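K.L.:
Attaching a single structure in structure tokens format; questions to follow.
The values are calculated or read from the model by the stated rules, or taken from the named source; none is laboratory data. Please read these numbers as outputs of a predicted model, since none were measured by experiment. Here the Cβ positions follow ideal geometry from the backbone for every residue, glycine too, while neighbour counts run over all protein chains shown. Each accessible area value is taken on the protein alone, full model and side chains, heavy atoms only, with ligands, DNA and RNA left out. Shrake-Rupley method; radii C 1.70, N 1.55, O 1.52, S 1.80 Å.
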Amino acid sequence: MASRCWRWWGRSAWPWTPPLSVGSIPSFRHQFSTQETTPQICVVGSGPAGFYTAQHLLKQHPQAHVDIYEKQPVPFGLVRFGVAPDHPEVKTAHCGRCAFWGNVEVGRDVTVPELREAYHAVVLSYGAEDHRALEIPGEELPGVCSARAFVGWYNGLPENQELKPDLSCDTAVILGQGNVALDVARILLTPPEHLEKTDITKAALDVLRQSRVKTVWLVGRRGPLQVAFTIKELREMIQLPGTRPILDPVDFLGLQDRLKEVPRPRKRLTELLLRTAMEKPGPEEAARRASASRAWGLRFFRSPQQVLPSPDGQGAAGVRLAVTRLEGVGEATRAVPTGAMEDLPCGLVLSSIGYKSRPIDPSVPFDSKLGVIPNVEGRVTDVPGLYCSGWVKRGPTGVIATTMTDSFLTGQMLLQDLKAGLLPSGPRPGSAAIQALLSSRGVQPVSFSDWEKLDAEEVARGQGTGRPREKLVDPQEMLHLLGH
């Protein structure tokens, strides 16, 4: 089977900088002897962190071979399952010395110690697969779910296909004011005829066509200067066809005078919020807003205390919010309750207060409070030859460009250790040993050439409906199509 490797290109949804511009990372490419044992390196997770780590290792070491293991049958992680489907796909290119092995769950099908025995080094890049709980009464009610699960549902993540969100209500509340919250709001309010042109799943599109949601509130504990979304996502919301923004000018009083104190990206974002909230729109924009049948709004200085049940107790009827005020300055600014409360009626509650990673294997140290693997610059604490990159390394923060730089740095630490003789010497069997183990356990890996067959099938199914693809969402169907 021909091995593969990939290089990531930028996308409109995420800023991206070419690798050579990361000036803090010196090149190792010409420092390795061609007589050395071929380094066998394993990367766990095929999202951006995994691919960027692999890219750097392959680029900087002319003999390195990298195997990428992924629990889903298909690659690309966040870019396939976590980014809104109205953003274009990332392109990939092929080269040698890298192989993809999907449908392999590390920690279940194969252990981390088994990987460490087969490879010179192992990099854990499996991301943040869980969501932070609200930890408030009523969180378990029907009509309440995590934004992560909702995103997985409309993007075709197999584990979220049973979600079946009820969109028969008039108002939805999203608890959180980050990019994921804006993504979810945009999908809820985008006219279905626009979504028909994307790779959103057919099941999700059918449900959204029947949606009665007209208003979406995005609730945050702090104020306009602390929102976590970026200007691109905000601009998309403001310009969303058939919708109008609802921003209370009172929330923005006095902000203009404080803008000179904030960094430029935050300043530009806040200026856009200020214009939208405070300035009278021109005739064309005013007419567009007046004709809009749907609306979205930002509710600041509100902290969720309870999801209110419907009279029959079978669903959500609203969210009780504590009114807050800000204390502290700069990064130390925090929201404290004023004692006042208010109820926000709704029929759907989506929590978007952050993702978190899970422990993958008992042999790997894990900080359950921070939700990360303890590490120093990507080197896992007290476990030589084990590394981590991406969200499981630093927590679920930043965009794909952040993950790129972070992953390159982890790759650089690995290469430094390799050059310093800190990794095992002599040959290692790599994937040959792991494939034998998987075969003995009845696990059938999906190769990249297998994925290309699934990709072609998705594209073919999409052509019948005029869409870029129709995502396969059932792993068993995928394996059946591959003859596994």
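K.L.:
Since K280 meets every condition but one in (1) assigned to a helix (DSSP H, G or I); (2) more than 28 Å from V473 (Cα to Cα); (3) free of Cβ contacts under 8 Å to residues at least 40 places away in the same chain; (4) open to solvent by 10 Å² or more (accessible area, probe 1.4 Å), which condition does it not meet?
P.N.:
(1)
K.L.:
Kindly list the number of the only condition in (1) closer than 30 Å to V106 by Cβ; (2) at pLDDT below 95 that fails for S351.
P.N.:
(2)
K.L.:
Tell me whether region 443-452 contains one or more residues that are closer than 30 Å to R299 by Cα, at pLDDT below 95 and surrounded by 22 or more Cβ atoms within 10 Å (Cβ to Cβ).
P.N.:
No, region 443-452 has no match at all.
K.L.:
If you don't mind, there's one more thing I want to ask. Within region 440-473, how many residues are over 24 Å from the mean Cα position of the chain (by Cα) and of a type in the set (V, I, T)?
P.N.:
Residues in region 440-473 being over 24 Å from the mean Cα position of the chain (by Cα) and of a type in the set (V, I, T): 2 in total.
K.L.:
Let me ask something additional. Considering only residues of region 188-220 that are basic (K, R) and over 30 Å from F301 (Cβ atoms), which is modelled with the highest pLDDT? I'd like the intermediate steps shown before the answer.
P.N.:
Initially, region 188-220 is screened for residues basic (K, R), giving 197, 202, 209, 212, 214.
From the residues that got through so far, the ones that are over 30 Å from F301 (Cβ atoms) too are 197, 202, 209.
Values: K197: 86, K202: 90, R209: 96.
Per the stated criteria, the residue is R209.
K.L.:
Hey, another quick one. What is the one condition in (1) modelled with pLDDT of 95 or more; (2) touching a Lys or Arg at 6+ places or on another chain (Cβ under 9 Å); (3) in a loop (DSSP other than H, G, I, E, B) that A295 does not satisfy?
P.N.:
For A295, the failing item is (3).
K.L.:
Which one of the conditions (1) within 21 Å of S303 (Cβ to Cβ); (2) aliphatic (A, V, I, L, M); (3) part of a helix (DSSP H, G or I); (4) touching a residue at least 24 places away in the same chain (Cβ under 8 Å) does L234 fail to meet, given that it meets all the rest?
P.N.:
(1)
K.L.:
When region 393-412 is examined, which residues are found to be β-branched (V, I, T) and modelled with pLDDT of 95 or more?
P.N.:
T410
K.L.:
Could you list all residues from region 421-438 that are open to solvent by 40 Å² or more (accessible area, probe 1.4 Å) and over 16 Å from A99 (Cβ atoms)?
P.N.:
Within region 421-438, G421, L422, P424, S425, P427 meet the criteria.
K.L.:
So is T201 of a type outside the set (A, V, I, L, M) and within 25 Å of the chain's Cα centre (by Cα) or not?
P.N.:
Yes, satisfied.
K.L.:
Hey, can you tell me all the residues within region 208-253 that are more than 13 Å from L273 (Cα to Cα) and open to solvent by less than 50 Å² (accessible area, probe 1.4 Å)?
P.N.:
Once the filter is applied, which keeps residues that are more than 13 Å from L273 (Cα to Cα) and open to solvent by less than 50 Å² (accessible area, probe 1.4 Å), region 208-253 yields L208, S211, V213, T215, V216, W217, L218, V219, G220, L240, G242, T243.
K.L.:
If you go through region 266-317 one residue at a time, how many are among the basic types (K, R) and within 29 Å of A335 (Cα to Cα)? Explain how you work it out, then say what you get.
P.N.:
In the first step, residues of region 266-317 are kept if they are among the basic types (K, R); the result is 266-268, 275, 280, 288-289, 294, 299, 302.
Retained after the next criterion (residues that are within 29 Å of A335 (Cα to Cα)): 266-268, 275, 299, 302.
Adding up the residues that qualify gives 6.
K.L.:
Related question: Can you say whether G385 is on the phi > 0 side of the Ramachandran plot and at pLDDT below 95, as far as the supplied structure shows? Quick ask: steps written out before the conclusion?
P.N.:
Details: on the phi > 0 side of the Ramachandran plot: yes; at pLDDT below 95: no.
So G385 fails the test.
K.L.:
Look at region 205-224 and say how many of its residues are out of contact with any strand residue (DSSP E or B) (no Cβ under 9 Å at 6 or more places or on another chain) and of a type outside the set (V, I, T).
P.N.:
The number of residues fulfilling the criteria is 7.
K.L.:
So which residues in region 385-413 are under 19 Å from Q60 (Cα atoms) and β-branched (V, I, T), if there are any at all?
P.N.:
Answer for region 385-413, where residues must be under 19 Å from Q60 (Cα atoms) and β-branched (V, I, T): T403, T405, T410.
K.L.:
Here's a follow-up. Hey, among the residues in region 453-470 that are touching a helix residue (DSSP H, G or I) at 6+ places or on another chain (Cβ under 6 Å) and assigned to a loop (DSSP other than H, G, I, E, B), which one's surrounded by the fewest Cβ atoms within 10 Å (Cβ to Cβ)?
P.N.:
Among them, the one singled out is P468.
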